[in-house]
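Here's the structure, in structure tokens; my notes come after.
The values are calculated or read from the model by the stated rules, or taken from the named source; none is laboratory data. The model shown is predicted, which means the values in this text are computed figures rather than measured ones. Note that each Cβ is placed from the backbone with ideal geometry, even for glycine, and that neighbours are counted across all protein chains shown. Areas reflect the complete protein model, heavy atoms only, side chains present, ligands, DNA and RNA absent. Shrake-Rupley method; radii C 1.70, N 1.55, O 1.52, S 1.80 Å.
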Amino acid sequence: MKTTYNVFVISDSSGQTGTALAKTAAAQFPEAYANISQYPFIRTKSILTGILKLAKENQAIIFHTLVDSELSDMVTQFAEENQLFSFDCIQKPIDLISKRLNESSAAVPGLVHDLNAAYFKRIDAIEFTVANDDGRHPENLNKADIIILGVSRTSKTPLSLYLANESYKVANVPIGPNLQLPAEVWDLNPKKVFGLTNSIEKLQEIRAQRMKEYGIENDTRYSNADNIKKELDYAQHLYQKIGCLCINVADKSIEETASIITESLPKPTQP
């Protein structure tokens with residue numbers, strides 16, 4: 001079985017340059033599989049922060065083509081602080097040309113590519129998804145194309161960002177016996193709501209590892225199997241009450257879960 005590793009291509013334009021470089025480099029390792037994810041037209045710190053968080057969770061190698069030096073430096077610093085590998089595909093070439101011509105660059109993203117409606121739709125989707133991550137702004141739930149519910153560590157944020165990159169506006173909401181469920185959930189079309197669940201064993205493993213990252217080795221309420229069972233039972237009951245599709249992500253990749261969601265969405269009404 002081939003070793004799989006994640007590669008994130010982050011760009012303030014279409015991302016074609018970074019993707020081409022990543023694919024060229026990955027081709028030199030035929031015994032491994034590069035799972036390449038593209039994040040084009042990233043031009044704000046808030047969106048970039050969400051993507052970097054996802055990169056950390058996936059231990060991704062980052063290729064970035066960000067003309068804005070502040071955003072580029074942000075990626076480099078984040079990678080260094082979190083022991084991630086990153087490669088700046090554009091700042092060094094810009095610097096070389098700038099020195100040769102003895103003049104500053106235009107520092108304008110996307111000069112090579114024309115922007116079209118599809119690109120702007122993707123930008124809007126990513127901005128919406130980052131702004132409405134982890135239960136923020138429940139008043140926007142009715143504006144989302146997809147609403148994801150799940151207890152802690154069921155991959156709500158990575159899944160949301162993956163779907164946003166496919167131009168879906170996604171809002172995700174953490175749930176649990178001790179969490180306040182936004183009242184707006186009950187006014188949503190249940191066919192646009194998706195509940196995530198997992199096995200007790202898998203969640204316990206993920207949460208225990210999370211605690212170790214914080215220097216906590218002992219069993220906690222967060223990683224206790226009995227408590228996790230209560231959370232999952234609560235989630236299952238809630239999904240049944242809402243009437244939404246429940247997806248067990250224990251043995252599914254982000255891509256597989258996303259495919260189930262997009263295929264289950266209501267079909268557009270024919271004119």
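Put simply, of Ile51, Ile47 the only residue that is assigned to a helix (DSSP H, G or I), farther than 30 Å from Asp233 by Cα, at pLDDT below 90 and open to solvent by less than 20 Å² (accessible area, probe 1.4 Å) is Ile47. Report yes if some residue within segment 159-171 is open to solvent by 70 Å² or more (accessible area, probe 1.4 Å) and under 21 Å from Asn58 (Cβ atoms); otherwise report no. The answer is yes, given that some residue of segment 159-171 is open to solvent by 70 Å² or more (accessible area, probe 1.4 Å) and under 21 Å from Asn58 (Cβ atoms). If you go through segment 230-242 one residue at a time, do you hit one that is open to solvent by 50 Å² or more (accessible area, probe 1.4 Å) and within 25 Å of Asn58 (Cβ to Cβ)? No, segment 230-242 contains no residue that is open to solvent by 50 Å² or more (accessible area, probe 1.4 Å) and within 25 Å of Asn58 (Cβ to Cβ).
Name every residue in segment 65-81 that is of a type outside the set (Gly, Ala, Ser), part of a helix (DSSP H, G or I) and either open to solvent by 10 Å² or more (accessible area, probe 1.4 Å) or within 14 Å of Ile94 (Cβ to Cβ) (or both), in order of residue number. Answer for segment 65-81, where residues must be of a type outside the set (Gly, Ala, Ser), part of a helix (DSSP H, G or I) and either open to solvent by 10 Å² or more (accessible area, probe 1.4 Å) or within 14 Å of Ile94 (Cβ to Cβ) (or both): Glu70, Leu71, Asp73, Met74, Thr76, Gln77, Phe78, Glu80, Glu81.
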